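Q: Submitted below is the structure of interest, expressed as structure tokens.
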Amino acid sequence: MRAQFRGVLTLALMVAVCALLYVLLYGQISDHSVSYFQKLQLVPRGGRLHEMNCPCKNTTRDVFTAGSGSAHKETPMLWLQKKDFKQYPIWASEDVYVRDKQKRQMTCPQSLRNSQNTGFKQAFIPDIQMYLHGELLNQSEWNRLAYFNNPFGFMDYTNYTEIKAVVDLIPKPREPLLLPRGNPGCICCAVVATGGILNGSRMGKEIDAHDYVFRMNGAITKGYEEDVGNRTSVYVHTAHSITQSLFIFKKYGYDSAPHDKGIKYVLIPEGLRDFQWLKGLLGRTTVSDGPYKNRRPWMQYSGEFDENRFYVLHPDFLRYTRNRFMRSEALKGSYWAICRPTNGAFTLFLALHTCDVVDAYGFITEDHSKYPNYYAERHSKTRVIFYANHDYNLEIKTWKKLHDTEIIRLYQRQESPERKTGKPTEP
Ligand SMILES: *[C@@H]1O[C@H](CO)[C@@H](O)[C@H](O)[C@H]1NC(C)=O
Ligand SMILES: *[C@@H]1O[C@H](CO)[C@@H](O)[C@H](O)[C@H]1NC(C)=O
Ligand SMILES: *[C@@H]1O[C@H](CO)[C@@H](O)[C@H](O)[C@H]1NC(C)=O
Ligand SMILES: *[C@@H]1O[C@H](CO)[C@@H](O)[C@H](O)[C@H]1NC(C)=O
């Protein structure tokens, strides 16, 4: 009788603790996860999905803390698949991210990190973990990240052992992506996208005058120096973009990815094919599976590939960027699983988290239809195609807002009329 009573009491206590946890954590989500533009909204879910989301159910109880691995179940969890969800599922752990233990020293008074803009201050996590490497993946982290589709996590990936073996090849960065140059320790960056707004802009000199120049995708400079500059310090890519750009931009004279001496390469692990690419790249073997089968990835970097200058973005950093700065309404639609920010967007946010001053060039603006799609298209003007996987209207708004709140300086052909201060962008 007594034992039975004790059993009931323990059970009641557990339920109460669970309920408390639930309330506290949900409270946290709705109070603090204010995205820069929109609040995170918990979408209603039905049946099975709802059950999986309940924090009191076995698998999800400990999902809340990134990196607090020991609390997680060490066994493989239920396998979530994209096809089971009609729209983007939002979990209680959605807005929880691993933090970087090595804090960066703040030496620049003009740093964007000192922005007083409330929305930005609330959204920005200065010590977000930017890079993925071997030490950061274990079974419990895998379980936590299995709730999010690629590139934001590992949903749909079936084989932990396989991915873990690849991630173990990624070295832990020995030094930060960028080091301060000059005085007083400010890092000034230009981020150059491929947009046609740069055609005829004569921004080359200004771009090259920055401490660091970031580029992505078909970053052709030869023949376009006057408009886009000639230096590349950081090149951001996916396995798809580094291989496809060679075809798309071939007609403009693009014959290799940027390979300035000492260049840093950053990979966005967009899908399974990027892990297959990484396995070949870091293991110096031909790719054994997937679309790049039999390729030798390191050959794509013109002799400049070096593990010590190679970085892979962490899925948490990508999810954080999406959640807090550019959450698309398209996540509520049937294309949710392919909807993600562009490589240019991730590159800009990489710069926002590694530089003090960020100037963005060649990013999409409201008047994009006046310009060709790419700056490399001097003679024939093709329109920007709005593919379903990217929300270009959201990107237009986001860049404009970051510019208007003086967090970045966005190159525009005409300054927005409401902005009174700041340098004119046309000579
Ligand atoms: C798993 O990795 C996380 C993140 O690095 C770490 O905090 C945690 O302690 C690890 N868990 C185990 C069981 O090793
Ligand atoms: C997972 O991958 C490993 C290593 O590639 C392989 O040995 C193993 O058979 C795979 N497991 C399954 C279930 O496919
Ligand atoms: C690119 O800029 C040049 C110089 O301003 C201009 O003559 C040309 O028409 C532009 N090309 C396109 C496709 O807009
Ligand atoms: C870029 O151009 C400048 C000046 O024209 C030149 O000194 C420099 O060597 C060039 N840099 C690269 C990486 O081509």
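Rule-based calculations on the coordinates, nothing more; no lab input. Since the model is a prediction, treat every value here as computed from it, not as a measurement. Reconstructed Cβ throughout: ideal geometry from the backbone, glycine too, with neighbour counts over all protein chains shown.
Q: Per-residue HN-Hα couplings for segment 220-230, Karplus 6.51 cos²θ - 1.76 cosθ + 1.60 at θ = phi - 60°, whole Hz, x for Gly and Pro?
A: Taking θ as phi minus 60°, the curve returns 6, 10, 4, x, 10, 3, 4, 8, 10, x, 10 Hz for segment 220-230.
Q: In addition: Is segment 148-241 best put as rounded, prolate or oblate by its Cα gyration tensor, with a ≥ b ≥ c the root eigenvalues, rounded for a/c under 1.5, and otherwise prolate when a/b is larger than b/c, oblate when not?
A: On the way: a/c = 3.16, a/b = 1.70, b/c = 1.86.
Oblate, since a/c reaches 1.5 and b/c is not below a/b.
Q: Okay, moving on. With +1 on each Lys and Arg Cβ and -1 on each Asp and Glu Cβ, and nothing else charged, work out how big the dipole of segment 296-427 is about its Cα centre, in Debye to the nearest 20. Display every interim value, and only then the final one.
A: Numbers: 20 positive and 17 negative charges, 74 e Å.
Dipole magnitude for segment 296-427 comes out near 360 debye.
Q: I've got another one for you. From the square roots a ≥ b ≥ c of the eigenvalues of the alpha-carbon gyration tensor of segment 221-378, which class results: rounded (a/c under 1.5), prolate (a/b over b/c), or oblate?
A: Working: a/c = 1.45, a/b = 1.09, b/c = 1.32.
Rounded.
Q: Please list, in order along segment 80-86, the HN-Hα scalar couplings obtained from phi with the Karplus expression 6.51 cos²θ - 1.76 cosθ + 1.60 (θ = phi - 60°), rounded to whole Hz, x for Gly and Pro.
A: Running phi through 6.51 cos²θ - 1.76 cosθ + 1.60 with θ = phi - 60° gives 8, 10, 4, 5, 7, 10, 8 Hz.
Q: Working out 0.36 nm times the residue gap between MET106 and ARG181, then minus their Cα-Cα distance, what length gain in nm do you get to one decimal? Please list the in-between numbers first.
A: Details: separation 75, 0.36 × 75 = 27.00 nm, distance 1.33 nm.
Gain on stretching MET106 to ARG181: 25.7 nm.
Q: Right, something else. In square nanometres and to one decimal, what's the mean projected area of the convex hull around the Cα atoms of segment 284-339? Before the final figure, lay out each step's value.
A: Details: hull surface 24.4 nm².
Dividing the Cα hull surface by four gives the mean projection, 6.1 nm².
Q: Which percent of the Cα-Cα distances in segment 70-183 go past 25 Å? Please list the in-between numbers first.
A: On the way: 2489 of 6441 pairs.
Pairs farther apart than 25 Å: 39 percent.
Q: On to the next question. Return the Rg/Rh ratio of segment 286-400 with Cα-based radii and a Kirkwood Rh. Walk me through the numbers on the way to the answer.
A: Working: Rg = 17.1 Å, Rh = 16.9 Å.
Over the Cα atoms of segment 286-400, Rg/Rh equals 1.01.
Q: Counting alpha carbon pairs within less than 8 Å and at least 6 residues apart, what relative contact order, in whole percent, applies to segment 226-302? Mind showing how you got there, number by number?
A: Working: 92 pairs, mean separation 23.0, N = 77.
The normalised contact order for segment 226-302 reaches 30 percent.
Q: Please list, in chain and number order, the residues 5+ apart from LYS264 or on another chain whose amide H is under 5 Å from its amide H, with Hs placed from the backbone.
A: Amide H to amide H, under 5 Å and 5 or more residues apart or across chains, LYS264 pairs with VAL234, TYR235.
Q: Give the distance, in whole Å, between the Cα centre of segment 360-388 and the Cα centre of segment 83-133.
A: One Cα centre to the other: 30 Å.
Q: Normalised radius of gyration for segment 97-143, please: alpha carbon Rg relative to 2.2 N^0.38 Å, two decimal places. Each step should come with its number before you reach the end.
A: On the way: Rg = 14.1 Å, N = 47, 2.2 N^0.38 = 9.5 Å.
Scaled against compact globular proteins, the figure is 1.49.
Q: Now, a different point. Pull up all non-local amide H partners of LEU410: gap of 5 or more, or a different chain, and H-to-H distance under 5 Å with H placed in the peptide plane.
A: ALA360
Q: Taking the Cβ of ARG113 as the centre, find all other residues whose Cβ is under 12 Å away and add up their charges (Lys, Arg: +1; Asp, Glu: -1). Mind dumping the intermediate values first?
A: Numbers: positive: LYS103, ARG104, LYS121; negative: ASP127, ASP356.
For residues surrounding ARG113, the net value is +1.
Q: Give me the net charge of LEU137's neighbourhood, meaning all other residues with Cβ under 10 Å from the Cβ of LEU137; Lys, Arg count +1, Asp, Glu -1.
A: Working: positive: LYS164; negative: GLU135, GLU141, ASP168.
The answer is -2.
Q: Lys/Arg Cβ at +1, Asp/Glu Cβ at -1, dipole of segment 99-202 taken about the Cα centre: which of LEU177, MET130, GLN110 is farthest positive-ward?
A: Working it through, the farthest residue towards the positive pole turns out to be GLN110.
Q: Length gain on complete extension for the stretch SER256 to TYR387, per 0.36 nm per residue less the alpha carbon to alpha carbon distance?
A: Working: separation 131, 0.36 × 131 = 47.16 nm, distance 2.53 nm.
This chain segment gains 44.6 nm when fully extended.
Q: For LYS222 and ARG284, what does the FRET efficiency come to when R0 = 35 Å and r is the distance between their Cβ atoms, rounded to the nearest 0.05?
A: Values: r = 29 Å, r/R0 = 0.82.
Calculated transfer efficiency: 0.75.
Q: Can you compute 3J(HN,Hα) from phi for each residue in segment 298-309, using the Karplus curve 6.51 cos²θ - 1.76 cosθ + 1.60 with θ = phi - 60°, rounded to whole Hz and x for Gly and Pro?
A: Running phi through 6.51 cos²θ - 1.76 cosθ + 1.60 with θ = phi - 60° gives 4, 5, 7, 10, 6, x, 9, 5, 8, 3, 6, 10 Hz.
Q: Using a 10 Å cut-off around each Cβ, can you sort ASP84, ASP356 from fewest to most neighbouring Cβ atoms? Intermediate results must be reported in sequence, preceding the final value.
A: Values: ASP84 13, ASP356 22.
Lowest count first: ASP84, ASP356.
Q: Full extension from TYR160 to LYS83: what is 0.36 nm times the residue separation minus their Cα-Cα distance, to one decimal in nm?
A: Numbers: separation 77, 0.36 × 77 = 27.72 nm, distance 1.98 nm.
In short, 25.7 nm is gained.
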